[in-house]
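The values are calculated or read from the model by the stated rules, or taken from the named source; none is laboratory data. As the structure is a prediction and not an experimental result, all values here were calculated from the model. Don't worry about glycine lacking a Cβ; one is built from the backbone with ideal geometry, like all the others, and counts go over all protein chains shown.
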Amino acid sequence: MTNKLKVVLLSIVSLAIAVSVVVVFFGYQTLKTSVSTDKTEVLFDVAPGTNMAQVASDLENRNLIRNGRIFLFYARLQKMNSKIKVGEYSLNKAMTPDEIMSVIISGKSVARNFTVAEGLNMFDVADILQQSGFGPKEEYLSIMRDRVFIKSLLGEDLESLEGYLFPETYKITKFDTPKMVVTQMVKRFSSVWKELQPAIKESKWTRNQIVTFASIVEKETGAGFERPIVSSVFHNRLVRKMKLQTDPTVLYGKAVQLGQMPKNISKLDLMTPTRYNSYTNFGLPPTPISNPGREAILATLKPATSKYLFFVSQNNGTHVFSETYQQHNKAVQSFQVNSKAREGKSWRDLKKKTTN
């Protein structure tokens with residue numbers, strides 16, 4: 001090899017190294033530099049089936065990064081291709097590409113709160129999920145009645161998940177499927193159920209009987225301190241082989257027939273037999289009629305000691321309890337028949353007291 005050729009080759013190598021250094025430096029700066037200082041939130045979706053090339057292109061198109069090719073090259077170099085996770089992510093233009101990469105492989109999607117309040121039933125829950133934009137209620141109701149799915153979650157052959165959609169505030173992300181949403185609620189029930197095992201072991205009832213009883217207690221009072229007393233009433237009636245005669249069971253029976261919750265019931269409804277009507281049937285309904293919270297379950301397992309057999313609303317969220325029918329009838333006359341006793345009163349008064 002001549003000296004001249006050596007000089008030429010050395011020059012080419014030096015130029016290549018120089019170019020490489022410039023490219024690496026430029027790429028590094030690109031990855032460490034944000035598009036702007038604007039911290040306005042930009043919601044960015046990584047939908048199921050999206051690959052890193054599409055992510056890089058979308059990020060560039062939305063002006064979240066300057067160069068999609070460099071971003072993609074960096075992702076491949078760092079073996080990030082297989083690490084992107086489906087989700088809706090909170091990004092902004094002040095973030096560097098490196099920071100953006102960290103977010104979209106974290107799986108920490110934007111989560112929205114969804115609350116299941118004590119005493120809601122599955123029809124209510126499905127309605128609210130639909131109204132909140134988390135999917136059609138028909139799909140949720142179908143899942144809540146899928147016996148194979150139910151058995152996979154609870155290990156028991158039940159006709160629905162009524163009673164097992166535990167009341168709590170949940171985090172739901174954009175790409176959570178209805179099954180994932182429902183599973184989250186049932187898993188929370190199972191967790192609480194395990195926590196209550198010491199009290200549960202003292203009971204001779206099955207899980208479904210306990211949850212069914214608790215679902216009635218939950219529907220009959222919004223006053224937490226009354227739950228053990230309400231529970232004692234129904235325990236006493238069962239011991240005496242009296243019908244439970246509770247309106248929420250009638251409402252639920254109509255809901256099962258209609259596929260949605262009715263707004264009210266009539267005297268005729270009270271006399272019309274259904275599987276759930278506790279005015280025409282003895283004992284507990286075949287399934288829960290709502291989703292009870294922890295306190296209602298505890299009240300079921302540990303009722304107050306009383307001789308009460310009746311109770312009637314005082315129109316403010318609380319009740320008058322009676323041991324005899326004569327006492328009960330007197331309370332009904334005082335608080336229900338007497339229209340003046342209802343004027344200006346509401347169960348919402350109780351809510352005001354508990355929040356003050």
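This table checks each residue for (1) at pLDDT below 95; (2) on the phi < 0 side of the Ramachandran plot; (3) surrounded by fewer than 16 Cβ atoms within 10 Å (Cβ to Cβ).
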| position | (1), (2), (3) |
| --- | --- |
| ILE210 | no, yes, no |
| ARG227 | no, yes, no |
| ARG237 | no, yes, no |
| ARG240 | no, yes, yes |
| LEU268 | yes, yes, yes |
| SER278 | no, yes, no |
| LEU284 | no, yes, no |
| PRO292 | no, yes, no |
| ALA299 | no, yes, no |
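Checked against the criteria, SER160 counts as in contact with a Lys or Arg (Cβ under 7 Å, 6 or more places away or on another chain) and not in a helix (DSSP H, G or I).
Applying the condition of being within 28 Å of the chain's Cα centre (by Cα) and in contact (Cβ under 8 Å) with a residue 24 or more places away in the chain to segment 253-276 and asking which residue is nearest to LEU120 (Cα to Cα) yields MET261.
Only residues that are touching a Phe, Trp or Tyr at 6+ places or on another chain (Cβ under 8 Å) and buried (at least 17 other Cβ atoms within 10 Å of the Cβ): list them for segment 59-69, please. Within segment 59-69, LEU59, GLU60, LEU64, ILE65 meet the criteria.
This table checks each residue for (1) acidic (Asp, Glu); (2) within 23 Å of LEU129 (Cβ to Cβ).
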position: SER142; (1), (2): no, yes
position: ASP146; (1), (2): yes, yes
position: LEU153; (1), (2): no, yes
position: MET180; (1), (2): no, yes
position: MET185; (1), (2): no, yes
position: GLU195; (1), (2): yes, no
position: ALA199; (1), (2): no, no
position: ASN208; (1), (2): no, no
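Looking across segment 184-212 at every residue that is assigned to a loop (DSSP other than H, G, I, E, B) and free of Cβ contacts under 8 Å to residues at least 24 places away in the same chain, the one that is farthest from ALA111 (Cα to Cα) is identified as LYS204. When segment 312-324 is filtered for residues that are surrounded by fewer than 20 Cβ atoms within 10 Å (Cβ to Cβ) and not in a loop (DSSP other than H, G, I, E, B), the ones remaining, listed by number, are VAL312, SER313, VAL320. Tell me the residue from VAL125, VAL103, VAL86, VAL42 that is closer than 30 Å to ALA255 by Cβ and not charged (D, E, K, R), please. Answer to the check: VAL125. Among PHE166, PHE175, which is at pLDDT below 95 and touching a Gly at 6+ places or on another chain (Cβ under 8 Å)? The conditions single out PHE175.
Could you list all residues from segment 163-188 that are of a type in the set (Lys, Arg) and buried (at least 19 other Cβ atoms within 10 Å of the Cβ)? Result: no residue meets the conditions. Residues that are more than 25 Å from ALA296 (Cα to Cα) and modelled with pLDDT of 95 or more: does segment 120-127 have at least one? Among the residues of segment 120-127, not one is more than 25 Å from ALA296 (Cα to Cα) and modelled with pLDDT of 95 or more, which makes the answer no. Residue count for segment 87-134, restricted to those that are closer than 30 Å to PRO167 by Cα and buried (at least 18 other Cβ atoms within 10 Å of the Cβ): 16. Looking across segment 75-84 at every residue that is under 13 Å from ILE104 (Cβ atoms) and at pLDDT below 85, the one that is surrounded by the fewest Cβ atoms within 10 Å (Cβ to Cβ) is identified as SER82.
The criterion of at least 3 residues that are small (Gly, Ala, Ser) is met by the following helices (runs of 4 or more DSSP H) wholly inside segment 34-121: 52-61.
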